[in-house]
Amino acid sequence: MRIGIIGAGIAGIASAIRMASKGHQVQVFEANAYPGGKLSEVRLANYRFDAGPSLFTMPMYVEELFQIAGVSIKGRFEYERLPIVCNYFWEDSTRLHAFADKNDFAKEVATKLGVAPEKVRQSLADSQRKYEVTGKIFLEKSLHKISTWTNLKVLNAMLKIPSLDLFTSMNTVNERHLAHPKLVQLFNRYATYNGSNPYKAPGLLSIIPHFEYEIGAFFPKGGMHSITQSLYELAKEKGVVFHFNTKIKAIKTQNGKAEALQTETDDIAFDRIICNMDVFHAYKQLLPNEKHPTRILKQPKSTSALIFYWGIQRQFPELDVHNIFFSDDYKAEFEQLEAGRIFDDPTVYINITSKLNPSDAPVACENWFTMINVPYNAGQDWDTLIAQTREHILAKLSRILQTDISKLIACEAILDPRTIESRTQSHLGSLYGTSSNNRMAAFMRHPNFSSRIQHLYFCGGSVHPGGGIPLCLLSAKIVSEVMD
Ligand SMILES: Cc1cc2nc3c(=O)[nH]c(=O)nc-3n(C[C@H](O)[C@H](O)[C@H](O)COP(=O)(O)OP(=O)(O)OC[C@H]3O[C@@H](n4cnc5c(N)ncnc54)[C@H](O)[C@@H]3O)c2cc1C
């Protein structure tokens, strides 16, 4: 079959590999001049930064693409497990290493916070239990096919619903398990992994720590961008043809079937079309005359991000690849986000790939990807907000690290909700599609196929099973399973 894919985001590339590996002729159309969408890179003076995602989990989904393509991953994509998942800093000078090893982590929590190691172990065991009951159903299958709902595993999960904390907030679950406010804050942070609010999102999201502590947090050799690069090369090797600087203007349909993609210059016929573009814009821009799934498209969006890419002319031995500087009032921070504002004491995340990939910064320097969660774009005065927030972040980091950080910045670039939207077509600049604050959110994401237009499929962070690299890769897998 001839298959046309709109967008070379990570899910578009993964879909292309899957389809080409099945023997189909695949063409990918990408508006940008480069592949990867959010998973791209920024080069600034002598520094290199991963543009968006910085945390790599569930590497098996990348490995699987090499397996189905019948190509050895060796020498093409390599990664290592991080011994420390994240370094945490608080204003009162508490510092904590979240060791990847569960027992070491529990010991560190006992030493630094005085919490019994069993608390951490029990909480992680609870994450694992929830993941084992639900993961295969809610993440790895289409929720919109009868076959998903007619097997014993699903029946088993249904019987366990009362113990899955669907009706309790993540914060309540963490308070129940973890006792200490700092530890609750640390575990609440996992809600931000899909742009949600721990005080609203269902406790089922407490499966996320399981990914980090049980399966692991990893660092790809060469940085996150090497995920894009290696999969892009793999796709080309399987015969996929990429067209860059080629924006799709419309999906052409006839008799209820998607039949062609319209570019600036041509209509190109396909047997099947896979859309990796944000589903909101796909309907609004490419299918204006078709009936839209209005309820789905109206779902609230996940948070966005404000990122300062800073070349820093010093090295900080107390920092690692992933570092978090917590707000003193996490609840107030999320209340501000919900209200469309930025808290003046935001939690700051710094990712430093030069710790493991020294060529990302000049000698004796570091590349700081400095990020905070911000609301999606609702027309705020971003220029003013960014200027104010930059000062708040610098003051916070300077206080905690006891160094004037502003004097160390050699070069700077900024990414905000407006530029996230303009560069990747993400509706309102949200990072992870719709938010998961509602316990029905999983069912309110667009399916991986259109129920109205035949031969049209959807992958990527704005559709089932959601945002983040692992789920985007799973969306491509589901598309390949449901395509007829
Ligand atoms: C700042 C930031 C931090 C993040 N952190 C993490 C993290 O640590 N870990 C993690 O797992 N995930 C993280 N994410 C989320 C992750 O990056 C995304 O979920 C994922 O990369 C989305 O991939 P996608 O396939 O949906 O496509 P996208 O990356 O959204 O790309 C879509 C592509 O489609 C193209 N396109 C759109 N419309 C058209 C059209 N009409 N014609 C042609 N092309 C079109 C766009 O140009 C773009 O290249 C982060 C995201 C951001 C922005």
Legend entry - the range 23-171: C-alpha gyration tensor shape, a/c 1.5 cut-off, then a/b vs b/c: oblate
Inset, instruction - Any chance you could check the Cα centroid distance between the range 280-296 and the range 149-189 for me, in angstrom? - result: 34
Inset, instruction - Taking amide H positions as placed in the peptide plane 1.01 Å from N, state which residues far from residue 8 in sequence (5 or more) or on other chains have amide H under 5 Å from it. - result: 31, 36
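Expressed as a rounded percentage, what relative contact order does the range 101-215 have, with Cα pairs under 8 Å and six or more residues apart?
Working: 125 pairs, mean separation 35.6, N = 115.
Relative contact order, the range 101-215: 31 percent.
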Inset, instruction - Give me 154, 374 ranked fewest to most by other Cβ atoms within 10 Å of their Cβ, as a rough exposure proxy. - result: 154, 374
Inset, instruction - Would you order 192, 168, 265, 148 from fewest to most other beta-carbon atoms within 10 Å of each residue's own beta-carbon? - result: 265, 168, 148, 192
Legend entry - Helix axis angle, 117-138 relative to the chain longest principal axis, alpha carbon, degrees: 10
Legend entry - Global form of the range 1-102, assessed from the alpha-carbon gyration tensor, a/c cut-off 1.5: prolate
Inset, instruction - Please list the non-local residues whose amide H lies under 5 Å from the amide H of residue 301, H modeled 1.01 Å from N, same-chain partners needing a gap of 5 or more. - result: 435
Inset, instruction - Can you put 320, 381 in order of Cβ neighbours within 10 angstrom, beginning with the fewest? - result: 381, 320
Legend entry - Distant-in-sequence amide H partners of residue 253 (H built 1.01 Å from N, under 5 Å): 259
Inset, instruction - Quick one: angle between helix 102-113 and the longest Cα principal axis of the chain, in degrees between 0 and 90, rounded to 10, please. - result: 40
Legend entry - Relative compactness, the chain, computed as alpha-carbon Rg over 2.2 N^0.38 Å: 0.95
Legend entry - Shape call, the range 101-215: gyration tensor on alpha carbons, a/c limit 1.5: prolate
Legend entry - Angle in degrees between helix 60-69 and the longest Cα principal axis of the chain, rounded to the nearest 10: 30
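Let me check against my output: what whole-number percent is the relative contact order of the chain, with C-alpha pairs under 8 Å and at least 6 apart? It would help to have the intermediate numbers written out before the result.
Numbers: 1019 pairs, mean separation 112.4, N = 484.
Worked out over the chain, it gives 23 percent.
If you take the Cα atoms of the range 155-198, find Rg, then find the Kirkwood Rh from the mean of 1/r over all pairs, what is Rg/Rh?
1.06
Quick note: the coordinates plus some simple rules give every number you see, no bench work behind them. It should be emphasised that the depicted structure is a prediction, and the values quoted were computed from it without experimental measurement. With ideal geometry, Cβ positions are generated from the backbone for all residues, glycine too; neighbour counts draw on all protein chains shown.
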